[in-house]
Every structure is written in C-alpha cells, then in structure tokens.
Amino acid sequence: MKNYRILFATLLFLGASLGSSAADGKATWDEHCAKCHGADAKGDTKMGKKLKIADLSDAKVQAGFTDEDAAKAIKEGKADKNGKVVMKAIEGLSDDDIKAVIAHLRTLKQ
Ligand code: HEC
C-alpha cells in the first residue's frame with residue numbers, strides 16, 4: 001500500500017514538471033521572438049535593425065506597455081504609426097504560452 005502512495009506522488013511530481021515545460025517562456029521567446037527582438041530583447045538583430053525595434057530590455061520601454069498590451073501585440077500583431085504591420089501576430093501560442101513569454105520578457109528588464 002505504501003509503495004502505491006510513493007508511486008502516486010512520483011506521478012504527480014512528473015505531471016507537474018511536464019505541465020510547466022509546456023509553457024516555457026524562454027523556449028517560446030527563443031523560438032518565436034528572438035529573431036527580431038534578440039535573445040536579450042535589445043532588438044540588436046538584423047530584423048531588429050531593419051524594423052528599428054525598441055530595446056525591450058530597457059526598464060523605461062517596459063514601463064511603456066502593460067502585460068495586456070504585450071499579449072495584444074503577440075495575438076494581433078503591432079503596426080507602426082503609419083499603420084504598417086511591423087510585428088505580425090504570432091500564431092500557435094496558447095494563452096499560457098503568452099503569459100509565460102511575457103513573464104520571461106519581464107525577467108530581461110535591465
Ligand atoms: C517580425 C519581427 C518580430 C517578431 C517575430 C516579434 N516581434 Fe515583437 N515587435 C516587433 C516590432 C517591429 C515591434 C514594434 C516596434 C518596437 O518595438 O519599437 C514589436 C513590439 C513588441 C512589443 C511592444 C508592444 C507595445 O505595445 O509597445 C512587445 C511586448 C513585443 N513586441 C513582444 C514580442 C514577443 C513576446 C514576441 C514573440 C512571441 C515578438 N514580439 C515577436 C517585431 C517583432
């Protein structure tokens with residue numbers, strides 16, 4: 001009986017760790033965002049320079065958008081002041097992925 005309990009606890013633990021890797025903010029950032037914004041969010045990439053991306057690691061820039069603004073940019077894309085789409089909506093991310101990737105972006109703040 002006792003062994004079953006240990007087995008159950010192990011399964012629960014495994015389930016929890018698998019669950020958290022499903023919404024890995026850093027992995028999502030590296031896969032979907034880094035090509036423009038850079039791994040460190042400074043926008044120091046070829047695409048970043050072309051699009052004149054702001055330094056998203058800058059605390060002042062981060063203060064300029066809320067988590068809701070960021071989620072909206074990810075879901076709907078972002079246009080510049082002339083209405084030209086500069087960041088396309090990122091497809092295939094769940095709400096949990098979006099939450100996790102924004103949380104990851106907040107950790108890059110300097
Ligand atoms: C095609 C290049 C590209 C990709 C890919 C991209 N972005 Fe962007 N992103 C931009 C551009 C361009 C802007 C707006 C201009 C700027 O930052 O100065 C922007 C703006 C933002 C903003 C600021 C939103 C606001 O309201 O001010 C956030 C937050 C953001 N991106 C997060 C992300 C995240 C998270 C991902 C990945 C899921 C991502 N971006 C992928 C190009 C990109």
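Bear in mind these aren't lab numbers, they're just calculated from the coordinates by the rules spelled out. Here the structure is a predicted model, which is why all the values come from computation and not from measurement. Cβ placement follows ideal geometry from the backbone for every residue including glycine, while neighbour counts extend to all protein chains displayed.
Applying D = kT/(6 pi eta Rh) to region 43-110, where Rh is the Kirkwood radius over alpha-carbon pairs, T corresponds to 10 °C and eta to 1.306 mPa s, the Stokes-Einstein value obtained is 125 µm²/s.
Look at Ile90, Ile74 and count the other Cβ atoms within 10 Å of each Cβ; fewest to most, that gives Ile90, Ile74.
Phi angles of region 45-51 translate, via the Karplus equation with coefficients 6.51, -1.76, 1.60 and θ = phi - 60°, into HN-Hα couplings of 10, 4, 4, x, 5, 4, 8 Hz per residue; Gly and Pro are given as x. Between Gly43 and Gly38, Leu56, the built amide H atoms are under 5 Å apart, and every one of these is 5 or more places off in sequence or on another chain.
For Val86, the amide hydrogen comes within under 5 Å of the amide hydrogens of Lys78, Ala79, Asp80, counting only partners 5 or more places away or on other chains and with H modelled in the peptide plane. Give me the percent of Cα-Cα pairs in region 19-61 that sit more than 11 Å apart, rounded to a whole number. Counting pairs separated by more than 11 Å, the tail of P(r) holds 62 percent.
Sorting 101-108, 54-61, 77-84 by average packing, meaning the other beta carbons within 10 Å per residue, from highest down gives 101-108, 54-61, 77-84. Applying 1/(1 + (r/R0)^6) with R0 = 22 Å to the Cβ-Cβ distance of Arg106 and Asn82 gives a FRET efficiency near 0.15.
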